[in-house]
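One structure is given below, encoded as structure tokens.
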Amino acid sequence: MTDAEIRAVALATLLSIAPEVEADELRGDRPLRSQVDLDSMDWLNFLLGLHEKLKVDIPEADYARLVTLDDVVAYLQSKLAAQ
């Protein structure tokens, strides 16, 4: 998958949890949770949604690495490449 395809999946997953989000206004280099005001349960649902859609395991130990949308895309890209 390309970065653009992974980003599209991530945004679709995010919008399924927080439909009020304006995806075109999100900055890839800013903390995602603060941009969309996700609480910890919403964040967990976002990560679980990514796992379900992309079949990528995201261990809890890696959650702290996933701060920005760019971080999420790069992380998922590396996991998909390793499969």
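Relative to the longest principal axis of the Cα atoms of the chain, the long axis of helix 40-54 lies at roughly 40 degrees. Compactness check for the chain: Cα Rg over 2.2 N^0.38 Å is 0.98.
Net charge around Asp57, counting only other residues with Cβ within less than 15 Å of its Cβ (Lys, Arg = +1; Asp, Glu = -1)?
+1
Close amide H contacts of Thr68 (hydrogens built in the peptide plane, cut-off under 5 Å, sequence separation of 5 or more or a different chain): Leu32. Sorted on the mean count of surrounding Cβ atoms within 10 Å across their residues, most packed first, peptides 27-35, 63-71 read 63-71, 27-35. Here the spin labels are modelled as points 7 Å beyond Cα on the Cα-Cβ line, and at Asp71 and Glu52 they lie 2.4 nm apart. For the chain, the relative contact order is 43 percent, taking Cα pairs closer than 8 Å that sit 6 or more residues apart in sequence and dividing their mean separation by the residue count.
In whole percents, the pair-distance distribution calculated for the range 38-83 from its alpha-carbon pairs, binned every 10 Å from zero, is 26, 65, 9, 0.
Every number here is computed from the coordinates shown, using simple stated rules; none is lab data. A quick note: this is a predicted structure, and the numbers were derived from the prediction, not measured. Virtual Cβ from ideal backbone geometry, glycine too; neighbours counted across all protein chains shown.
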